[in-house]
Amino acid sequence: MNKIAVPVSLIALVLSIGSFFYFQSTSNQVYVDVNRLMDGYSRTKIERVKFEEKAKTLNANVDSLISDWQKELKLYEKERPKMSKKELELKQELLGNKQQQINNYQQAIQKQIQEEDQKATQTVINDINDYVKEYGKRKGYKIIFGASGSGNIMYADELTDLTEKILEGLNAEFDGQ
């Protein structure tokens with residue numbers, strides 16, 4: 001029995017070592033660098049340009065209102081010595097009200113810009129998440145982690161980094177639409 005036990009033990013040892021290395025190299029746990037995906041995704045660039053154009057237009061409207069108010073204020077300063085007390089009070093009240101309206105409008109515009117930015121970012125994130133989910137299913141991965149540089153994955157072997165593969169497929173899918 002000892003003659004059979006030694007070869008069987010050796011075969012079992014070789015198989016266990018081989019399977020260990022096989023399963024190490026075909027890990028079902030991989031990750032992607034979320035920041036690189038966001039930066040490298042074609043749609044991110046398109047959405048960013050659209051957002052910046054919209055923000056520029058909205059800010060130009062605010063700048064125009066501020067410029068008009070400043071012109072009115074300069075005119076008031078110039079004509080002030082000629083005005084009666086009643087006219088001064090009325091003009092100051094009008095300028096104050098107009099300034100308050102501009103401030104309120106500016107705050108509303110900033111809120112709208114912030115919401116537009118969040119909406120555009122969420123659209124891109126949804127695209128990426130949907131693609132990664134389908135990619136994982138198609139390739140048979142059990143889990144795909146997202147590394148964002150904030151400490152959720154402190155180290156991972158480069159062999160488990162799918163970022164470039166995901167980015168290539170994601171861009172190919174988007175550009176093909």
Task: Equivalent ellipsoid, segment 76-177 (semi-axes from 5 times Cα gyration tensor eigenvalues, Å) - done: 59, 15, 11
TODO: Compute the distance in nm between two label points, each set 7 Å from the Cα along the Cα-to-Cβ direction, one at Lys98 and one at Leu73.
DONE: 1.1
Task: Of Lys71/Lys91; Lys54/Lys119; Lys54/Lys98, pairs whose Cα-Cα distance is over 18 Å - done: Lys54/Lys98
- [ ] Evaluate Rg over Rh across segment 83-128, taking Cα atoms for both radii and Kirkwood's formula for Rh.
- [x] 1.48
Open item on the list: Just to check, using Stokes-Einstein with a Kirkwood Rh over alpha carbon pairs, what's the diffusion coefficient of segment 37-134 at 4 °C and 1.567 mPa s in µm²/s?
Closed with: 78
Open item on the list: Run the simple label-point estimate for Leu88 and Asp130 please: 7 Å along Cα→C-beta, distance reported in nm.
Closed with: 6.5
Task: Relative contact order for segment 26-175, counting Cα pairs under 8 Å that sit 6 or more residues apart, in percent - done: 59
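Only the coordinates and a few stated rules stand behind these numbers; no lab work does. Nothing here was measured: the structure is a model prediction, and the numbers come from that model. With ideal geometry, Cβ positions are generated from the backbone for all residues, glycine too; neighbour counts draw on all protein chains shown.
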